[in-house]
């Protein structure tokens with residue numbers, strides 16, 4: 001069996017160093033072979049995105065072009081319509097039949113995990129890596145989620161490589177306080193965004209005026 005592959009979904013509107021650092025921390029702490037970035041086509045529980053799918057894919061490509069441990073999947077963009085994680089995992093499992101897959105999510109996302117489409121079936125396709133941040137209140141108040149977590153939780157990251165799916169591990173990552181919404185706000189105000197995202201992405205945003213005139 002090969003080393004586990006991380007799956008990091010998101011809008012990436014735009015991609016920034018917080019996303020990249022999160023992916024690298026997961027590689028190092030969970031022993032992943034690589035992380036596959038999966039940009040959504042259209043998010044389920046969020047406002048419409050500013051950059052279109054092609055622009056977000058291009059920004060991701062520029063951001064990871066020099067990393068051998070990062071790749072992009074266009075599976076959700078190609079499928080079109082609203083993006084559901086379970087559908088993406090089913091698609092990726094066809095390409096990675098014998099590889100352990102690890103869905104990366106923040107603890108804040110896990111606290112609403114039971115609202116996701118077919119959430120209880122997700123461990124049939126991938127492990128879960130739940131990331132927490134220092135000083136974040138990660139108390140789980142829903143018995144159904146607490147039972148789900150405890151029944152699959154492992155303290156041994158090596159278990160991710162022993163089977164293709166079904167386990168949950170939790171890791172703590174440094175608090176890098178960068179957000180796409182803050183970057184869009186700064187751009188809308190005509191302010192600098194240096195050191196928040198890779199220079200090639202900044203150049204692409206500036207050249208194409210993707211976030212010009214927005215206010216959030």
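Throughout, read-outs are computed from the coordinates displayed, never taken from laboratory work. Here the structure is a predicted model, which means the values were calculated and not measured. Note that we place each Cβ from the backbone using ideal geometry, even for glycine, and neighbour counts take in every protein chain shown.
Could you give the length gained by full extension between residue 144 and residue 203, i.e. 0.36 nm per residue of separation minus their alpha carbon distance, to one decimal place?
16.7 nm
Going by how many other Cβ atoms sit within 10 Å of their own, how do 130, 7, 72 line up, fewest first?
Arranged by neighbour count, lowest to highest, 130, 7, 72 become 72, 130, 7.
Just the projected area, averaged over all directions, of the convex hull on the alpha carbon atoms of the chain: how many nm²?
11.7
Could you list 121, 24 so that the one with the fewest beta carbons within 10 Å of its beta carbon is first and the one with the most is last?
Ranked by crowding around the Cβ, least crowded first: 121, 24.
Only helical DSSP H runs with n ≥ 4 go in: add -39500 (n - 2.57) per run for the chain, normalise by residue count and round the 222 nm mean residue ellipticity to 500 deg cm²/dmol.
-10000 deg cm²/dmol
With everything on Cα atoms, drop me the angle between helix 85-95 and the longest principal axis of the chain, reported from 0 to 90° to the nearest 10.
Roughly 80 degrees, rounded to the nearest 10.
Report, in degrees rounded to the nearest 10, the 0 to 90 angle that the Cα long axis of helix 53-64 makes with the longest principal axis of the chain.
The angle comes out near 80 degrees.
Listing 105, 170 from the residue with the fewest other Cβ atoms within 10 Å to the one with the most, what is the order?
The most exposed by this proxy come first: 170, 105.
Where is the GNM fluctuation largest for the chain (alpha-carbon springs, 10 angstrom cutoff): 201, 44, 35?
Among 201, 44, 35, the largest mean-square fluctuation in the Gaussian network model of the chain belongs to 44.
What is the extension gain from residue 91 to residue 170, computed as 0.36 nm multiplied by their sequence separation minus the C-alpha to C-alpha distance, in nm to one decimal?
That pair, residue 91 and residue 170, stretches by 25.9 nm at full extension.
How large is the Rg to Rh ratio of the stretch 165-213 when both quantities use alpha carbon positions and Rh follows Kirkwood?
Rounded to two decimals, Rg over Rh is 1.19.
Please check: in the Gaussian network model of the chain (C-alpha springs, under 10 Å), which one of 41, 150, 175 has the largest mean-square fluctuation.
Result: 150 has the largest fluctuation of those listed.
Relative contact order of the stretch 105-192, please, whole-number percent, based on alpha carbon pairs below 8 angstrom and at least 6 residues apart.
Over the stretch 105-192, the number comes to 34 percent.
With everything on Cα atoms, drop me the angle between helix 17-30 and the longest principal axis of the chain, reported from 0 to 90° to the nearest 10.
20
Percent relative contact order of the stretch 5-177, based on C-alpha pairs within less than 8 angstrom and at least six residues apart?
The value is 23 percent.
Report the calculated FRET efficiency for residue 112 and residue 154 (r = Cβ-Cβ distance, R0 = 30 Å), to the nearest 0.05.
With R0 = 30 Å, the Cβ-Cβ based efficiency is 0.85.
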